[in-house]
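*Asks:* What follows is a single structure, and I will ask about it in a moment.
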Amino acid sequence: MTRFCSIVPPHVLTQIARNGTERQRDRALRAISASGRIRERRQILGSMRFGFTPCGGLRRTVFDAGRLQALPGTRVRGEDDVAVEDVDVNEAYDGAGSTYDFFREALNRNSIDDQGMRLDSTVHYDVDMNNAFWDGTQMAYGDGDGELFQRFTASIDVIGHEMAHGVTQDTADLEYRDQPGALNESYSDVFGSLVKQWSLKQTVDEADWLIGQELLMPEVSGVALRSMKAPGTAYDDPVLGKDPQPDHMTKFDTTPLDRGGVHINSGIPNRAFYLTASFIGGYAWEAAGRIWYAALTQRLRRDSQFSDAAEATVAVARELFGETSSEEDATRDAWAQVGVPVAGLG
Amino acid sequence: MRVTVVRSGGFAGITRTASVDDADLSPEEAQKMDELVGALRSSERREDAGDPRRDGFEYAVTVETNAGSQTIAAGDADVPPPLRQQIDWVTATAGPSG
């Protein structure tokens with residue numbers, strides 16, 4: 001069994017990525033990424049952008065890993081192919097489409113890189129894996145163990161979450177540890193939830209603000225994996241334990257696990273987003289979503305902390321909606337309520 | 001000798017711990033554990049793994065002996081084969097309740 005092994009040295013892959021045919025380039029970039037060299041890939045792609053015309057529209061491909069730990073696996077459905085029998089394949093395909101449409105229509109972004117990047121997804125990754133991930137170039141979904149979790153394609157917000165990791169990687173590239181990592185995670189939850197709300201045309205009050213609601217098996221005592229509205233309340237189960245997410249800075253978790261609690265402390269900015277959207281009212285993607293997106297793409301950096309995100313979103317709200325606008329007040333009040341006050345103009 | 005595997009992270013961010021002490025094992029199993037730990041110790045240290053997989057699992061494997069304890073940590077996409085074998089064996093041997 002080989003996983004993410006490449007016998008081609010990185011500098012050769014880099015050459016192929018620069019000079020090869022499109023197919024060779026794709027393979028080389030995938031190999032570079034699989035070895036964890038996302039930054040290297042970004043540099044190559046960045047230098048290539050001048051020479052290539054973006055391909056425009058939605059281009060989805062779904063692969064089947066056949067329960068192995070290998071990416072991407074066998075191609076099973078491409079853009080415009082009719083639905084197949086495998087529900088995981090169709091969910092990955094449809095979810096990528098909804099996420100693409102959301103970014104394009106609500107935020108005017110053309111795919112992950114804003115250049116029409118191909119959307120590759122792999123289903124049936126590993127045996128009964130209770131997980132989904134973004135590997136630097138593509139999404140991958142496990143089947144779940146059938147006891148605690150079912151297939152990870154079942155929740156559209158999980159698909160949106162994974163694709164949003166690509167968007168973050170392409171923009172602020174928040175480092176995946178400690179507070180920048182928790183912001184990275186929070187942005188994925190924010191966009192994941194917004195994809196669901198946008199698809200269902202739900203207002204702030206109608207939305208459930210849950211992440212991974214459909215993943216939990218009926219035996220599990222809980223409603224989802226995370227709650228953006230009430231972090232720390234999503235589940236309380238004999239096997240899973242209790243939802244550990246804090247909803248305020250005073251409960252910030254300094255654990256070294258989970259790369260410094262990136263999936264834990266994301267509860268704090270998650271709730272700040274929910275509160276902002278709630279104070280503004282209406283559709284969350286229209287004002288709060290735009291504010292958060294502009295902060296991610298224009299203000300935040302690799303080492304941004306919660307306080308930087310609070311300052312950035314308040315500043316963006318003022319730019320977009322005007323000084324002392326209700327949107328600016330909402331954003332400021334929301335961060336203050338989770339214990340991240342923004343100094344200055346108020 | 002005790003080997004403990006802590007898996008954190010993943011989309012769910014739920015931490016799982018599995019631990020095996022060779023005092024509780026049959027001689028055959030204890031020997032298997034010795035072999036796996038030996039393979040782990042003689043394996044090369046990995047260079048810096050670069051940017052991690054988003055939502056990947058994070059592993060920390062700790063080997064405790066009378067001489068002290070040693071922990072090896074790695075992200076999902078950067079687990080070398082001897083560490084993967086150790087993780088899989090401890091997880092299976094400790095059982096699902098871990």
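Just so you know, all these numbers are worked out from the coordinates, no wet-lab data involved. Model, not experiment: these values are computed from the prediction. Methodologically, a virtual Cβ is constructed for each residue, glycine included, from the backbone with ideal geometry; neighbour enumeration extends over all protein chains shown.
*Asks:* Taking other Cβ within 10 Å of each residue's Cβ, how do A:V342, A:V262, B:V6 sort, fewest first?
*Replies:* On the way: A:V342 20, A:V262 29, B:V6 17.
With the sparsest Cβ surroundings first, the list reads B:V6, A:V342, A:V262.
*Asks:* Comparing B:D78, B:D88, B:D51, which has the greatest mean-square fluctuation in the GNM of chain B with Cα pairs linked when under 10 Å apart?
*Replies:* Result for chain B, Cα springs under 10 Å: B:D51 fluctuates most.
*Asks:* Loop-only check: which GluC sites (Glu not before Pro) in chain B are DSSP coil with at most 10 other Cβ within 10 angstrom?
*Replies:* Numbers: sites: B:E28, B:E29, B:E35, B:E44, B:E47, B:E58, B:E64; in loops: B:E44, B:E47.
Taking chain B and a limit of 10 other Cβ atoms within 10 Å, the loop GluC sites (Glu not before Pro) found are B:E44, B:E47.
*Asks:* Continuing with the same structure: Going by the alpha-carbon gyration tensor, a ≥ b ≥ c the square roots of its eigenvalues, is the range A:178-337 rounded (a/c under 1.5) or, if a/c is not under 1.5, prolate (a/b greater than b/c) versus oblate?
*Replies:* Details: a/c = 2.09, a/b = 1.36, b/c = 1.54.
Because a/c hits 1.5 or more and a/b fails to exceed b/c, the range A:178-337 counts as oblate.
*Asks:* Please order A:M163, A:M217, A:M117, A:M228 by the number of other Cβ within 10 Å, starting at the fewest.
*Replies:* Numbers: A:M163 27, A:M217 12, A:M117 19, A:M228 31.
Lowest to highest Cβ neighbour count: A:M217, A:M117, A:M163, A:M228.
*Asks:* Among the lysines, select those whose C-alpha is under 18 Å from the C-alpha of A:K196, and discard any that sit fewer than 8 residues away in the same chain.
*Replies:* A:K196 reaches A:K229.
*Asks:* Rank B:P82, B:P52, B:P27 by mean-square fluctuation in a GNM of chain B with C-alpha springs under 10 angstrom and give only the top-ranked residue.
*Replies:* B:P27
*Asks:* For the Cα atoms of chain B, what angle does the longest principal axis make with the long axis of helix B:81-94, in degrees from 0 to 90, nearest 10?
*Replies:* Tilt of helix B:81-94: around 60 degrees.
*Asks:* Also, quick follow-up: Shape verdict for chain B, please, from the Cα gyration tensor: rounded (a/c under 1.5), prolate (a/b greater than b/c) or oblate. Before the final figure, lay out the partial values.
*Replies:* On the way: a/c = 2.14, a/b = 1.40, b/c = 1.53.
In terms of gyration-tensor shape, oblate.
*Asks:* Which whole number gives the average count of other chain Cβ atoms within 10 Å of the Cβ atoms across peptide A:126-139?
*Replies:* What the average comes to for A:126-139 is 4.
*Asks:* Here is a follow-up. Is the shape of the range A:80-178 rounded, prolate or oblate, going by the alpha carbon gyration tensor and its root eigenvalues a ≥ b ≥ c, with a/c under 1.5 for rounded and a/b larger than b/c for prolate?
*Replies:* Since a/c reaches 1.5 but b/c is at least a/b, the shape of the range A:80-178 is classed as oblate.
*Asks:* What GluC sites (Glu not before Pro) in the range A:132-221 are in a loop by DSSP, with at most 12 other Cβ atoms within 10 Å of the Cβ?
*Replies:* On the way: sites: A:E147, A:E162, A:E175, A:E185, A:E206, A:E214, A:E219; in loops: A:E147, A:E175, A:E206, A:E219.
Those that pass, being in a loop and sparsely packed, are A:E206, A:E219.
*Asks:* Right, next: I'd like the orientation of helix B:27-42 relative to chain B: the angle between its Cα long axis and the longest Cα principal axis, in ° from 0 to 90, rounded to 10.
*Replies:* Computed tilt is about 40 degrees.
*Asks:* Mind checking the mean number of beta-carbon atoms from other chains within 10 Å of the Cβ atoms in A:173-179? Write down the numbers at each step before the final one.
*Replies:* Values: counts 1, 0, 2, 8, 2, 0, 0.
Mean partner-chain Cβ count within 10 Å for A:173-179: 2.
*Asks:* Return the calculated 222 nm mean residue ellipticity for the protein assembly as shown, to the nearest 500 deg cm²/dmol, obtained by summing -39500 (n - 2.57) across DSSP H runs with n ≥ 4 and dividing by the residue count.
*Replies:* Numbers: 13 runs with 181 residues, N = 444.
Taking each H run of at least 4 residues, the total per residue is -13000 deg cm²/dmol.
*Asks:* Can you sort A:K229, A:K201, A:K196, A:K251 so the residue with the fewest Cβ neighbours within 10 Å comes first?
*Replies:* Result, fewest neighbours first: A:K201, A:K251, A:K229, A:K196.
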